[in-house]
2 protein chains.
Amino acid sequence: MVVSIELSDADVDRLFHALADATRRDIVRRSVDGDLSVSRLAEDYPMSFAAVQKHVAVLERVGLVTKVRRGRELLVRSEPETLRRARLALDQLAEVWEGRVQRMAALLDDDSTPEHQTRTKREG
Amino acid sequence: MVVSIELSDADVDRLFHALADATRRDIVRRSVDGDLSVSRLAEDYPMSFAAVQKHVAVLERVGLVTKVRRGRELLVRSEPETLRRARLALDQLAEVWEGRVQRMAALLDDDSTPEHQTRTKREG
DNA sequence: ATAACCTACAACCAAATGGTTGTATCAATT
DNA sequence: AATTGATACAACCATTTGGTTGTAGGTTAT
């Protein structure tokens, strides 16, 4: 079972930054099966091998991909769990609107009984 | 009804970049009710008014917030629809893993009948 | 052993980012 | 009309980013 620790602000910063580049997102997509080496990946982008290497390093630092040695090459594999955390961060941002709906309901409905709204509680 | 047009790579770049800053994410959170002006928002960050103004501009450019004039101030309101699009972009990235599951199933099960896999289609 | 291939990493550069201060505009108040 | 408050925007600066080339270290194959 994955514990899914809470991400710090800095973590979320880095995670979204890693995702804010089309080349990096493409690398994540192509690395799902974990059977492509860095040089193989690099073949399909209009930039140097070293540039692609840097992109992979950015993804690796935030845990969006991992590298596994096979012979003289490193196979890149993307990690769905980290992407799931990015989604979680987005969801937590979106939660504020749910809270707003809650508050609006409370204004309209006096029986909104805020003492047992366990559904809206954040799990710490 | 919101049409939810497809985002270009550059759009997703800008969207995730806008979200890759803790101050900007906080502004989005605080602007849910749309009752805070730029200067009111700026009061709570350890930086100049102009810096916060720039952050709001970044959010505005990608549609994460809009500004509405009220007297001499501009009220900032965050736009849930744009955040929903960010989530959609994440989901489309995550789809590749579903595709992988699909392909693995096809290897194990000869009757995977790829000609009528309507279940895997995303609703727009 | 030597050659060929894959990766790592440093040095360098241009452009973008995130901050600053200063000045101008515009609306509201007096 | 003059003042005050809120915003806009330009100029500037330091740091980061995304690219480059070059060099060096392992691993495989000949």
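Quick note: the coordinates plus some simple rules give every number you see, no bench work behind them. Predicted, not measured: the structure shown is a model, and the values here were computed from it. We place every Cβ from the backbone using ideal geometry, glycine too, and count neighbours over all the protein chains shown.
The table that follows gives values for the structure above.
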{"read-out": "Residue within region A:33-48 that is more than 19 Å from B:His17 (Cβ to Cβ), facing chain B (nearest Cβ under 7 Å) and either more than 14 Å from DNA strand D (Cβ to nearest atom) or surrounded by fewer than 19 Cβ atoms within 10 Å (Cβ to Cβ) (or both) present", "value": "yes"}
{"read-out": "Failed criterion for A:Gln92 (all others in (1) within 16 Å of DNA strand D (Cβ to nearest atom); (2) in a helix (DSSP H, G or I) hold)", "value": "(1)"}
{"read-out": "Per-region count, region B:74-96, residues within 15 Å of DNA strand C (Cβ to nearest atom) and in contact with a helix residue (DSSP H, G or I) (Cβ under 7 Å, 6 or more places away or on another chain)", "value": "1"}
{"read-out": "Leading residue by the ranking (farthest from DNA strand C (Cβ to nearest atom)) among those in region A:8-61 that are among the polar types (S, T, N, Q) and in a loop (DSSP other than H, G, I, E, B)", "value": "A:Ser8"}
{"read-out": "Residue tally, condition surrounded by fewer than 17 Cβ atoms within 10 Å (Cβ to Cβ) and under 25 Å from A:Arg87 (Cβ atoms), over region B:64-76", "value": "1"}
{"read-out": "Residues that are farther than 21 Å from B:Leu88 by Cβ and touching an Asp or Glu at 6+ places or on another chain (Cβ under 6 Å), drawn from region A:3-53", "value": "A:Ser37"}
{"read-out": "Residues that are of a type in the set (Val, Ile, Thr) and within 12 Å of chain A (Cβ to nearest Cβ), drawn from region B:59-77", "value": "B:Val62"}
{"read-out": "Residues of region A:4-29 satisfying the condition of being closer than 19 Å to B:Leu7 by Cβ and of a type outside the set (Val, Ile, Thr)", "value": "A:Leu15, A:Phe16, A:His17, A:Ala18, A:Leu19, A:Ala20, A:Asp21, A:Ala22, A:Arg24, A:Arg25, A:Asp26, A:Arg29"}
{"read-out": "From A:Ala86, A:Ala20, residue being in contact with a His (Cβ under 9 Å, 6 or more places away or on another chain), within 14 Å of chain B (Cβ to nearest Cβ) and surrounded by 13 or more Cβ atoms within 10 Å (Cβ to Cβ)", "value": "A:Ala20"}
{"read-out": "Condition broken by B:Met104, with the remaining ones in (1) within 14 Å of chain A (Cβ to nearest Cβ); (2) exposed (fewer than 15 other Cβ atoms within 10 Å of the Cβ); (3) touching a residue at least 24 places away in the same chain (Cβ under 8 Å) satisfied", "value": "(3)"}
